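Written out below as structure tokens is the structure these notes cover.
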Amino acid sequence: MSYYLAIDEGTSSTRTLLFNENFKLVDYVQKEINMYYPHPGWVEQDAEELYQKTEETMIEVLEKNNVSWNEIIGIGITNQRETIVAWDKNTGKPLYNAIVWQCRRTADILNRFPVSFWTEVRRKTGLVKDPYFSGSKILWLIENVDEVKNAYDNGNLKVGTIESWLAFKLSGKHVSDVSNASRTQLMNIHTLDWDDEILKTFGIKKEILPEIVNTAIENGIETKFGPKIYGMIGDQQSALFGQRAFEVGDAKCTYGTGAFVLMNSGSTPPKPHPGLLTSVGWKINEEAIYSLEGSIFTVGAFFKWLKDIKMIDEYEDLENYSRNTDNGGIYIVPALSGLGSPYWDSDARGLIIGLTRATKKENIIRAALESVAFSVREVIDSMQEAVWTKIKKMNVDGGATKNRLLMEIQSDLINAEIFVPEFQEITALGAAFMAAIGSKNISINDIKNLHFSGIKIMPNNSDKIEKEYYIWKEAVLRSRGWIKSTNISY
């Protein structure tokens with residue numbers, strides 16, 4: 001028997017999953033990743049910890065299952081996107097903590113540049129003006145961290161997103177795949193290369209950036225353990241690929257730390273649409289496939305916050321408390337890290353509105369579930385406007401899909417079938433698929449013929465929740481305006 005290793009380096013944990021050659025999950029090892037919040041709105045991780053726990057999970061999953069490195073066909077890496085690491089190319093040591101995609105510290109940097117620049121950035125990269133993306137994070141590191149600035153001036157600095165950092169530590173090669181590079185705000189999605197004009201305006205030297213490679217790497221990148229890295233792909237694109245969304249209009253939503261709705265938009269970048277992003281989905285051989293994307297920053301992170309403040313004891317309580325109640329007039333905007341699609345408002349803050357003496361905990365928890373489904377509905381509305389077609393089915397994955405009530409609410413809101421696959425490790429499966437394609441052991445047509453079992457959830461009662469949705473949109477307007485009205489700044 002031969003195997004694939006899929007490294008899934010997420011925001012909250014690092015996991016390595018062992019798949020056999022038929023893509024059946026054999027086992028996995030998972031380790032939590034520490035998060036650091038040095039200031040309000042700042043989010044960091046220890047880059048060395050990210051790598052060390054990745055290596056530990058790789059070794060442990062093989063040892064647990066008595067598998068040798070020689071039995072590994074190839075390695076696929078999928079990862080949290082936009083998070084950036086800066087390191088010294090000689091020592092291989094990180095020069096500062098990884099700045100996580102959720103971090104909002106660079107909002108002021110973005111305001112230095114004129115509207116005309118952001119119009120060009122939107123056209124060339126498919127992305128909008130927001131601290132979410134990697135480019136401004138790199139600039140912040142150069143300007144604010146002495147070790148980074150010195151390495152930059154001396155020609156010793158290397159920067160990259162998480163797959164680039166892991167690949168460097170595993171192989172010594174400085175590379176990034178095209179799906180992750182498309183999330184930096186520095187890569188032109190039309191040329192699939194770093195954009196010289198954007199780099200010049202940001203003041204970032206191309207020399208510090210990695211070489212851009214395909215998501216399926218034909219010749220592979222040899223690692224210190226022996227097996228080659230044959231696939232690298234950002235986590236949301238990997239989930240789209242793992243859901244086998246190979247046709248234009250196929251869509252998926254991953255409910256993780258955030259929620260990410262992606263739609264296959266074909267081999268030509270779609271025209272910019274308000275509130276939506278365009279990224280490279282994947283590139284195999286000479287063909288790049290693009291994706292429309294809506295990003296909701298806070299989903300699982302909001303549920304974790306409810307647990308942290310003791311509103312719930314276990315995540316199962318979200319459904320247990322909500323199943324037999326309504327929201328009692330409570331509406332929540334879960335903007336703990338600002339608002340992503342379709343607003344891209346980094347100043348927005350979380351909001352709970354409608355409290356009365358009659359409000360019960362159950363009402364608040366129900367409103368929390370609804371707020372997530374409402375946020376996804378907004379993105380779906382924008383996508384349907386962009387492609388002028390109705391989504392008839394949405395495949396879903398991620399931890400929150402275990403909540404049947406949330407999926408029922410979501411189906412009612414988008415008035416479409418929700419398909420919850422029985423096998424939930426879709427993001428890692430996408431990375432394993434990519435490694436298999438890179439190593440020439442399988443084709444997309446072969447993947448299409450694989451059978452997925454799962455649960456279909458059909459819309460049932462959409463009229464009432466539709467009314468609630470439009471009331472919730474009014475609450476969103478209030479969450480966006482309160483900082484400006486009170487002159488509070490972060």
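The values are calculated or read from the model by the stated rules, or taken from the named source; none is laboratory data. These figures come from a predicted structure and were not determined experimentally. Please note: Cβ atoms are built from the backbone with ideal geometry, for glycine as well, and neighbour counts cover all protein chains shown.
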Which of the residues that make up segment 1-22 are within 23 Å of the chain's Cα centre (by Cα) and not β-branched (Val, Ile, Thr)? Tyr4, Leu5, Ala6, Asp8, Glu9, Gly10, Ser12, Ser13, Arg15, Leu17, Leu18, Phe19
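If I ask for residues that are assigned to a strand (DSSP E or B) and in contact with a Pro (Cβ under 9 Å, 6 or more places away or on another chain), which ones from segment 26-48 would you list? Talk me through it step by step, then tell me what you get.
Of all residues in segment 26-48, those assigned to a strand (DSSP E or B) come to 26-32, 36, 44-45.
Hit for segment 26-48 is Glu44, nothing else.
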Contact list, first residue from segment 48-68 and free of Cβ contacts under 8 Å to residues at least 40 places away in the same chain, second anywhere and in a loop (DSSP other than H, G, I, E, B) and surrounded by fewer than 21 Cβ atoms within 10 Å (Cβ to Cβ), beta-carbon distance below 8 Å, six or more apart or interchain, is Glu49/Ile33; Glu49/Asn34; Lys53/Ile33
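If you check Ala358, Ala367, which single one turns out to be in contact with a strand residue (DSSP E or B) (Cβ under 7 Å, 6 or more places away or on another chain), closer than 22 Å to Leu306 by Cα and not hydroxyl-bearing (Ser, Thr, Tyr)? Can you show your working first?
Details: Ala358 fails: in contact with a strand residue (DSSP E or B) (Cβ under 7 Å, 6 or more places away or on another chain).
Checking each option against the conditions leaves just Ala367.
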If we keep just the residues of segment 110-154 that are among the polar types (S, T, N, Q) and part of a helix (DSSP H, G or I), which is farthest from Leu276 (Cα to Cα)? Asn154
Could you list, in sequence order, all residues of segment 167-190 that are among the small types (Gly, Ala, Ser) and either more than 15 Å from Glu9 (Cβ to Cβ) or more than 15 Å from the chain's Cα centre (by Cα) (or both)? Ala167, Ser171, Gly172, Ser176, Ala181, Ser182
Test of understanding: among Thr16, Thr11, which residue is in contact with a helix residue (DSSP H, G or I) (Cβ under 9 Å, 6 or more places away or on another chain) and either among the acidic types (Asp, Glu) or at pLDDT 95 or above (or both)? Thr16
Selection over segment 130-164 where residues are among the hydrophobic types (A, V, I, L, M, F, W, C) and either touching a Ser or Thr at 6+ places or on another chain (Cβ under 9 Å) or more than 14 Å from Tyr96 (Cβ to Cβ) (or both) yields a count of 6
Within segment 259-271, take every residue that is at pLDDT 85 or above and not aliphatic (A, V, I, L, M) and give me the one that is nearest to the chain's Cα centre (by Cα). Phe260
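Can you give me the ranges of the strands (runs of 3 or more DSSP E) entirely in segment 155-222 with at least 1 residues that are of a type in the set (Lys, Arg) and crowded, with 21+ Cβ neighbours inside 10 Å?
Details: elements: 157-161, 175-177, 211-213, 216-222.
Of the strands (runs of 3 or more DSSP E) lying wholly inside segment 155-222, those with at least 1 residues that are of a type in the set (Lys, Arg) and crowded, with 21+ Cβ neighbours inside 10 Å span 157-161.
Conditions tested, residue by residue: (1) part of a helix (DSSP H, G or I); (2) modelled with pLDDT of 95 or more; (3) buried (at least 24 other Cβ atoms within 10 Å of the Cβ); (4) at positive phi.
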residue: His273; (1), (2), (3), (4): no, no, no, no
residue: Ser291; (1), (2), (3), (4): no, no, yes, no
residue: Asp313; (1), (2), (3), (4): no, no, no, no
residue: Leu318; (1), (2), (3), (4): yes, no, yes, no
List the number of the failed condition for Phe23; all other conditions in (1) within 22 Å of Trp87 (Cβ to Cβ); (2) in a loop (DSSP other than H, G, I, E, B); (3) among the hydrophobic types (A, V, I, L, M, F, W, C); (4) in contact with a helix residue (DSSP H, G or I) (Cβ under 9 Å, 6 or more places away or on another chain) hold. (1)
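Can you tell me which residue among Glu63, Glu56 is closer than 28 Å to Lys158 by Cα, surrounded by fewer than 22 Cβ atoms within 10 Å (Cβ to Cβ) and of a type in the set (D, E, K, R)? Quick ask: steps written out before the conclusion?
On the way: Glu63 fails: closer than 28 Å to Lys158 by Cα.
Residue meeting the stated conditions: Glu56.
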Quick one: would you say Lys473 is under 25 Å from Gln384 (Cβ atoms), over 20 Å from the mean Cα position of the chain (by Cα) and assigned to a helix (DSSP H, G or I)? yes
Evaluation of Tyr96 against (1) crowded, with 20+ Cβ neighbours inside 10 Å; (2) touching a residue at least 40 places away in the same chain (Cβ under 8 Å); (3) outside any strand (DSSP E or B); (4) not hydrophobic (A, V, I, L, M, F, W, C) (one fails), failing number: (1)
